[in-house]
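Attaching a single structure in structure tokens format; questions to follow.
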Amino acid sequence: MPRARHRSTEVTSQVVLGLGGCLDYELKLSASILEQLVAEYQIRNGELTSSGPVTSERDLVISILAYMKQGVGGERFIASREALRTFAARFPERISLGGTSVRAAIAMSRLGLPCTLHLVTLNEHIRRLLPPTCDYISSAREDTFYPHLIVQYDQGTRVRAGDVDLHTPFPNRVIYVNDPANEALVLSDELGSLLSDASIFLISGFNSVTDRDVLDRRLSTLKSHMRQLPSHAVVYYEDAAFHQPAFSRLVRNALLEVVDVYSLNEDEMQAYLGHPVKLLSVTEVKDALNSLRALIPVPTLVVHTKYWSVALGEGAAEFAEPLSDGIAIATTRYRHGDDYTGQHYELVRNLPRRPAALAFAAALEERMGLVVRCLPGFAPEVAEPTTIGLGDTFVGGFLAAVQRKKTALWT
């Protein structure tokens, strides 16, 4: 088993966030460059699909355009790292930290809470960019550099070339990954001892695994480590777009018995259900949540969307503050990007809520009763929003509130 590499010699935080992390190349798409690529590669509108393999830059452009046409986000495996680099070189790029656990850790640090990360890759950029309140252990034997490509697009972006003519209905982001370290998701042999003092444990990152034997071994090893968790610990699982979609069910079924809170966004919810859901229709959302609850029978189900966030379960009411803090800090990132501060966060908390979301939340709670707690999102008017890492940031705000509540009970 790999020996852990520590940031510090003594890990003291009771919040453990895993299981992987990465570096991101963040790109803001340009319609003119996309139009040039459509013409250069002679891409036709009928070819636009987000489900085909991505093995070349042409495939990558087709995939991005398909997501833009729908106004949705996602995550895909890209077979060619060279295609990733070639495409990234066409746009101004920004290097940032990525991965659900790492962005959740950044959010917690902005709220003044320390945490400990379990990482599977390290390099000089990760060491430099991690907040000082974030300790870590890592299973990596040596430094590696496998950046993820994250492309974000604004609402109203128009791409016209040949017979391609699309107009993005919503802002969003798409992630493209070729990362052997996160694909292997090797677990440190010190994870179990770290969990023995944990009050919160975040599980994420299994979506990157593409080999069934590797997946089975990692799940078995993780559950073995988790036997050292205290009985009072909260286990939070954040779903994601799986590079092998069939593996989503395998992970879900393996972890149902050990997860307290199971969280996902609207794209993942609709993928589970197999059909779109009108997010401001009380009837459609009620039916969707009931279907999800039957599919994912955990104590608490959390769904976070651009309009509202909801906790579903017998103890839903106790998660009102975590939902509120998750929405507030995700909105702060949406408005201010990576450079958001505590002051920005406090200002966002005083913003008005979306009127349609306010009415929806009240009607949904009335329709579904005490089993649901639904909070409306804010109305964040901003010309150039950040669409990268919003769900991850929501998780950080949610878990920070859970930890504050636990700390208050102990003191």
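What trypsin sites (Lys or Arg not before Pro) in the stretch 278-320 are in a loop by DSSP, with at most 14 other Cβ atoms within 10 Å of the Cβ?
In loop regions of the stretch 278-320 (DSSP not H, G, I, E or B), the sparsely surrounded trypsin sites (Lys or Arg not before Pro) are LYS278.
Let me ask something else. Which lysines have a Cα lying under 28 Å from the Cα of LYS69, excluding residues fewer than 8 positions away in the same chain?
The reachable lysines, counting only those whose Cα sits under 28 Å from LYS69, are LYS28, LYS278, LYS286, LYS306.
With a cap of 16 neighbouring Cβ atoms within 10 Å, and only residues DSSP puts in a loop, list the chymotrypsin sites (Phe, Trp or Tyr not before Pro) found in the stretch 347-407.
Within the stretch 347-407, no chymotrypsin sites (Phe, Trp or Tyr not before Pro) qualify (loop, at most 16 other Cβ atoms within 10 Å).
With the cut-off at 20 Å, report for the stretch 250-327 the share of all Cα pairs above it, as a whole percent.
Roughly 29 percent, rounded to a whole number.
Sticking with this one: In debye, nearest 20: dipole of the stretch 70-225 around its Cα centre with unit charges on the Cβ of K, R (+) and D, E (-)?
420
Which is the longest part of the chain that has none of the GluC sites (Glu not before Pro) sitting in a DSSP loop with at most 10 other Cβ atoms within 10 Å?
Between exposed loop sites, the widest span is 143-313.
Here's a follow-up. What is the extension gain from GLU40 to ARG349, computed as 0.36 nm multiplied by their sequence separation minus the C-alpha to C-alpha distance, in nm to one decimal?
Taking GLU40 through ARG349 to full extension adds about 106.6 nm, to one decimal.
Rounded to the nearest whole Å³, what is the per residue volume of the convex hull around the Cα atoms of the chain?
Convex hull volume per residue, Cα atoms: 134 Å³.
Name the trypsin sites (Lys or Arg not before Pro) in the stretch 323-411 that are in a loop by DSSP and that have at most 15 other C-beta atoms within 10 Å, would you?
When the trypsin sites (Lys or Arg not before Pro) of the stretch 323-411 are filtered for loop state and at most 15 Cβ neighbours within 10 Å, ARG349 remain.
Sticking with this structure for a sec: Please find the FRET efficiency linking SER224 to ASP287, where r is the Cβ-Cβ separation and R0 is fixed at 41 Å, and quote it to the nearest 0.05.
0.60
Distance between the C-alpha centers of the stretch 292-364 and the stretch 185-204? Whole Å please.
26
What figure, in Å² to the nearest 10, do you get for the accessible area of TYR340 with a 1.4 Å probe and non-protein molecules left out?
10
Here's another thing I want to ask about it. What's the magnitude of the charge dipole for the stretch 183-227 around its Cα centre, counting Lys and Arg as +1 and Asp and Glu as -1 at the beta-carbon? Answer in Debye, nearest 20.
Charge dipole of the stretch 183-227: 180 debye, to the nearest 20.
Helix-derived [θ] at 222 nm for the chain: sum -39500 (n - 2.57) over DSSP H runs of at least 4, divide by residue count, nearest 500?
Helix-only estimate at 222 nm: -12000 deg cm²/dmol.
The values are calculated or read from the model by the stated rules, or taken from the named source; none is laboratory data. Remember, it's a predicted structure, so these values are computed and weren't measured experimentally. Please note: Cβ atoms are built from the backbone with ideal geometry, for glycine as well, and neighbour counts cover all protein chains shown. What goes into the accessible areas is simple: the full protein's heavy atoms, side chains included, and nothing from ligands, DNA or RNA. Shrake-Rupley method; radii C 1.70, N 1.55, O 1.52, S 1.80 Å.
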